[in-house]
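Below is one structure, written out as structure tokens, with a few remarks after it.
The values are calculated or read from the model by the stated rules, or taken from the named source; none is laboratory data. Not measured: the values here are computed from a predicted model. All Cβ positions, even for glycine, are placed from backbone atoms using ideal geometry, and neighbour counts span all protein chains on display. These accessible areas exclude ligands, DNA and RNA; they are computed on the full protein's heavy atoms, side chains included. Shrake-Rupley method; radii C 1.70, N 1.55, O 1.52, S 1.80 Å.
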Amino acid sequence: MILQNGYRVEIHRVETPDGYLLTLFRIPGEPGSTPVYYQHGLLDSSDSFVAMGKNKSLGFLLHDEGFDGWAGNFRGNDYSFINKNYDIDSPKYWDFSWDTLGERDVRIMIDYILEQTGSPQLIYIGHSMGTTSFNVAASRFPDVNEKVKAYIALAPVTTFQYSRSPIFTTPFLGQLFQALQQYPDGSTDGLNKTHSNSLPFNLPDFTTVGNFAELFLNALGHGEIKGVISRRYCTSNYVSLRLCLGQLSAIVGNDEKNLTPELEQLIFLITPKSSSLKMVKHYLQQRDAGHLFLYDYGSEENNMQVYNSPTPPEADFANITCPTFFVYGQNDLLTAEGDVRAAYSRLGNGRELIAVPRATWNHDDFLVTQGIETILHRGIILPIVNQFK
């Protein structure tokens with residue numbers, strides 16, 4: 001995608017202490033330019049940094065503005081799936097949550113970028129789980145704050161006390177399976193050929209796979225969410241695409257009127273990526289807590305073995321002392337305004353709390369939507385990063 005849009009790209013890999021090889025994609029700036037590190041969210045990847053194409057994607061706009069762009073990939077996704085100690089089918093491979101990503105992956109990628117660029121600091125931009133993981137890293141390791149000159153949190157995910165997403169209020173998956181049983185397997189022509197000329201990169205070929213309920217169950221194994229199966233289903237034909245989009249809108253907020261057919265397909269070409277089921281469970285643990293804490297192993301005895309404490313440690317937002325900007329969507333069912341404001345009020349150095357100025361802006365509009373380049377990138381992000389250039 002980067003090469004097809006006319007930019008240079010570098011591929012970097014860094015090894016974590018527990019054997020994962022993390023891939024970073026770099027759109028190199030001029031020598032001495034300020035590095036910006038973008039970190040994706042749950043079931044996502046660095047694709048969202050560039051997928052909207054030239055003059056629209058954040059990665060390309062940052063480069064055009066004179067920055068050195070880096071996009072990281074968390075362990076377990078399509079670009080960072082290698083582990084030197086465990087096979088990908090091993091449950092031990094998937095035994096991690098977003099607190100691990102903050103304490104290990106985020107920190108090691110920050111250090112690697114600073115080492116490669118020779119810069120003493122970088123700008124960190126995270127979306128969704130990319131913010132949760134950074135919050136853990138910055139709150140528990142003071143040196144992280146010293147290395148980050150600005151932190152921009154897009155759809156910051158902390159707790160879910162005010163969340164309106166049905167996954168927290170109903171047996172959502174059961175309803176999903178029941179609804180999907182009504183639809184036949186895809187038999188119409190796939191959208192790949194229909195809209196491929198309008199997308200900012202060449203599309204792979206996908207084939208239709210079976211009933212979605214069975215598909216989803218088959219995608220869960222060994223502690224893993226196998227994103228490739230869902231991607232193939234959702235892009236196989238028009239019925240599947242509309243079905244997937246409807247379910248996604250119910251979870252994150254409906255802003256389908258700002259999606260063209262090409263962008264609808266683009267969403268499911270780049271997401272979901274593979275990830276750990278443990279991370280989903282960890283988020284569900286935050287539901288009524290009112291604060292952010294590390295993974296709860298279910299009993300005082302188990303927590304004592306891991307943390308030497310009967311309860312998991314909390315992430316204290318007062319310890320996040322780098323200049324911090326929270327950006328949220330008013331129609332984001334997952335990242336509700338009440339949760340965002342509560343977390344922002346506890347920050348050690350909160351600079352600005354920003355609502356995206358479109359009332360229908362949802363959780364995934366931070367990745368793919370019409371007008372993203374003017375409303376979000378040029379309207380909010382670039383003015384912030386240029387303060388710290």
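Note on SER309 and GLN387: the extension gain reaches 23.9 nm, defined as 0.36 nm multiplied by sequence separation minus the Cα-Cα distance.
For the set LYS56/LYS257; LYS54/LYS257; LYS54/LYS389; LYS54/LYS149; LYS92/LYS281; LYS56/LYS147, the pairs lying more than 25 angstrom apart at their alpha carbons are LYS54/LYS149; LYS56/LYS147. Add +1 for every Lys or Arg and -1 for every Asp or Glu among the other residues with Cβ under 14 Å from the Cβ of HIS127, and state the total. Cβ neighbours under 14 Å give a net charge of -4. Ranking SER90, SER276 by solvent-accessible area of protein heavy atoms (1.4 Å probe, all protein chains present), from largest to smallest, gives SER90, SER276. Projected label points at ALA318 and GLU301, each 7 Å from Cα along the beta carbon direction, are separated by 3.5 nanometres. For region 264-340, the list of trypsin sites (Lys or Arg not before Pro) that fall in a loop by DSSP and count at most 15 other C-beta atoms within 10 angstrom reads ARG287. Put a dot 7 Å past the Cα of ASP95, heading toward its Cβ, do the same for ARG346, and the two dots end up 2.9 nm apart.
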